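Below: the structure, in structure tokens.
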Amino acid sequence: MGLASSQARLLLLTARKSDLEYRAQTISQRKIVLSMQAEQLATDYTQKISNKQMMYVFDVNGNENETLTEVLSYNGLTAIGKSGLGASYIVTDNQGRMVVPDANSLPAGFSSVSVAQADGSTKSYAYPTKTVKNSDGTESTVADTSRAEDRYEINVCSDISNPYVFQNALRGGGLYLNQYNNKTDSYDSFSWQGSDVIQDNLYTADDNLAETQYEAATLKLQTQDKMLDLELKQVETQHKAIETEVDSVKKVIDKNIETTYKIFANG
């Protein structure tokens, strides 16, 4: 092999070597992505099997021997009136405002009233209701505006009707429960932690599905990772072979240069 052809061969081998190194780098990056996906899968799986669901346990018509258990929700909790289905609750935020899904959907025993403010704006307040007799002898339920000390400013939060949002807000301390007190006809702060009527337990109904999905997704990632390992091994084998050939061509070039110098030296 002549000097020119050897140098041309060396250039081709060097280009091929660089291409293989780039492929190896790309494969390594893809393996890193798979590793990150596997880590996210594990995190999601852990969350799914450790998720909790709050349940509300209450007596039916005041009968302690007959109870019902249902998923704790804002709608279910605040719809229970003072008439015997169980304790009444209202939900407040960290500013003491009554939280409702919309201004027209107040808990039992409350009615909304718009109150003019000094700056000309209005605010909606929830007042306790009272029963009044009409001139025709019928009765109506109206807001008892005389009980200003028992009123609550209304904070509308449309997402509160979603049990998942409602429960997470309770756990996180963004929402608070207040329980009706028959003796004072008002609402007292109520701590649901450790309560017999509100239970926060692990939700296991979706665990089997979560495990099946996790195993299937993990198997898919493992298969892809093995294929990348095989591809990387092939690239490394080719890279090693090219390195060997590069060394061989370099020796040929060095020998050709040495021979050429001897010719000129002898001349």
Checking the cross-link filter: which aspartates and glutamates have an alpha carbon closer than 14 Å to that of residue 240, excluding same-chain neighbours under 8 positions apart? 19, 21
The chain: antiparallel bridges as % of DSSP beta bridges, rounded to 5, reads 90 percent
Rank 134, 177, 202 by how far each Cα sits towards the positive end of the charge dipole of the chain (+1 on Lys, Arg Cβ; -1 on Asp, Glu Cβ) and give me just the farthest. 202
Overall Cα dimensions of region 101-246 - principal axes, largest extent first, Å: 108, 44, 28
Evaluate the distance, in nm, between pseudo-label points positioned 7 Å from the Cα of residue 67 and of residue 40 along their respective Cα→Cβ axes. 4.3 nm
Assign unit charges at the C-beta atoms only (+1 for Lys and Arg, -1 for Asp and Glu), then state the dipole size of the chain relative to its Cα centre in Debye, rounded to the nearest 20. 1620 debye
Computed from these coordinates, which is mean projected area of the Cα convex hull in nm²: [x] 15.8; [y] 13.0; [z] 29.7? [z]
Protein accessible area in region 88-173, 1.4 Å probe - carbon and sulfur %: 43 percent
Accessible area per residue, Å², the chain with all protein chains present, probe 1.4 Å: 64 Å²
Using the structure shown, select from 130/183; 52/183; 48/233; 17/226 the pairs with a Cα to Cα distance greater than 28 angstrom. 52/183; 48/233
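The values are calculated or read from the model by the stated rules, or taken from the named source; none is laboratory data. Every value quoted in this text rests on a predicted model; they were computed, and no experiment measured them. Don't worry about glycine lacking a Cβ; one is built from the backbone with ideal geometry, like all the others, and counts go over all protein chains shown. With ligands, DNA and RNA removed, areas are computed over all heavy atoms of the protein, side chains included. Shrake-Rupley method; radii C 1.70, N 1.55, O 1.52, S 1.80 Å.
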